[in-house]
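Student: I'd like to ask some things about the structure below.
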Amino acid sequence: MKKLKIALLAGGDSSEREIALNSAHQISEALDAEKYDVKVIDLHHRSWAYTAANGNKYEIDKNDFSLTVEGVRYEFDYALIIIHGTPGEDGKLQGYLDMMGIPYSSCSQVSSTITFDKVSTKRAVAERGINVAKEVFLHKGEEFSAEDIVAKLGLPLFVKPNASGSSFGVTRVTEAEQIAEAVRLAFTESEEVLIEECITGREFGCGVLVTKEKEFVLPITEIVSKNAFFDYEAKYTAGMSDEITPAPISEEWAKMLAHDALVAYKACRCRGIVRIDFIVTEEGKAYIIEVNSIPGMSSGSIVPKQARTAGISLGELYDFVIADTKA
């Protein structure tokens, strides 16, 4: 059987770079070596490099997305994008691959742009009846009044970069005097800032994959942070959060979340494996938090745990993705 030549694109240029490298390593180990010839390519600014077993590095020829190693030229059949943040999650890399005629694993350029931009995501899903938090949206350099923001949104509230992940630059604000510094911090991660009302409730993550053959909503995870919210420390430090899969919820809540996750997936025109996060209030009303078009895939990440609970290995999960998107 001829192996599919896969470029596993990893790393990236955002604050999530190391997380993406960990995810890529996990997936590389999980993919079936009998089916796939995988080369991990680390994208870091202008360098797109493959590191051979002997430690030598070889750069991708961006003119045709090929790789030459010791005189042997590789023309890739497929790109598996595992880059959280730019340029893998914001649509930039997808646009390049479209021009090169290389099929890839993730959302399209348009869908990636929508899902990476929190305000655009909210607009897309709200039109389909998904609940979203009230907000104030700021551009860099725009003046704002902390008092007016509190009057509109109340306290506590969240200040977050409009285009970022892993909770980098996110602050939970409990006093009006904290807003200015929280906004400054958020602008270090993005050119736009989103300030949202605080929705109180239980947090859930829903892994979703829709292929031509089947719709998968993986077992839902409840996320219980030991910090004030599910911040970077809670996400990536052992013992700082409990991620319970399957979530201890009623069948009614499970159906509601699965329904809303599929609606959001389709509203944002997603493709591949996506994780969609919600908060459900005590009254049972679900609010979307965000759409993660390239969710974490490291050993401690939520989606791999959900797949295992469903009896699906990480390798099998990506078999579904590759089969659905390679042509």
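Student: Using only Cα atoms and rounding to the nearest 10 degrees, what angle (0 to 90) does helix 251-267 make with the longest principal axis of the chain?
Tutor: For helix 251-267, the angle is close to 60 degrees.
Student: Using Cα pairs under 8 angstrom and six or more residues apart, how large is the relative contact order of the chain, in percent?
Tutor: Reported as a whole number, the value is 18 percent.
Student: Still on this structure, please answer the following. When the Kirkwood radius is taken over all Cα pairs of the range 135-197, what Stokes-Einstein diffusion coefficient follows at 37 °C and 0.692 mPa s, in µm²/s?
Tutor: Value of D from the Cα-based Kirkwood radius: 294 µm²/s.
Student: Further question on the same structure: Determine one quarter of the surface area of the Cα convex hull of the range 4-105, which equals its mean projected area, and express it in nm² to one decimal.
Tutor: 6.2 nm²
Student: Which of the lysines could be linked to K160 by a straight reach, that is with a Cα gap under 24 Å, when you skip same-chain ones fewer than 8 residues away?
Tutor: Hits, sequence-local ones excluded: K92, K118, K122, K134, K140, K152, K226, K235, K285.
Student: Here's a follow-up. Just need the relative contact order of the range 4-105 here, percent rounded to a whole number, with Cα pairs under 8 Å and 6+ apart.
Tutor: Answer for the range 4-105 is 34 percent.
Student: Follow-up question, since we're still on this one. Using θ = phi - 60° and the Karplus form 6.51 cos²θ - 1.76 cosθ + 1.60, what ³J(HN,Hα) does each residue of the range 183-194 get, whole Hz, x for Gly and Pro?
Tutor: 5, 4, 5, 5, 6, 6, 10, 7, 7, 9, 10, 10
Student: Please report, in whole Å, how far the alpha carbons of the chain spread along each principal axis, starting with the longest.
Tutor: That gives 65, 46, 38 Å along the principal axes, largest extent first.
Student: I've got another one for you. Using alpha carbons only, how many degrees (0 to 90, rounded to 10) separate the axis of helix 17-30 from the longest principal axis of the chain?
Tutor: Helix 17-30 sits at roughly 50 degrees to that axis.
Student: Then there is this: Build a GNM of the chain with springs between Cα atoms under 10 Å: which of G300, G315, G284 gets the top mean-square fluctuation?
Tutor: Evaluated over the chain, the most mobile residue of the options is G284.
Student: GNM on the chain, C-alpha springs below 10 Å: top fluctuator among S293, S301, S112?
Tutor: S301
Student: Order 115-123, 48-56 from most to least packed using the mean count of other Cβ atoms within 10 Å.
Tutor: 115-123, 48-56
Student: While we're looking at this one, here's another question. Pairing the Cα long axis of helix 314-325 with the longest principal axis of the chain, what angle in degrees results, from 0 to 90 and rounded to the nearest 10?
Tutor: Compared with the principal axis, the helix lies near 80 degrees.
Student: Just to confirm my numbers, what's the Cα centroid distance between the range 106-173 and the range 53-99 in Å?
Tutor: 32 Å
Every number here is computed from the coordinates shown, using simple stated rules; none is lab data. No experiment lies behind these values; they were computed from the predicted model shown. Don't worry about glycine lacking a Cβ; one is built from the backbone with ideal geometry, like all the others, and counts go over all protein chains shown.
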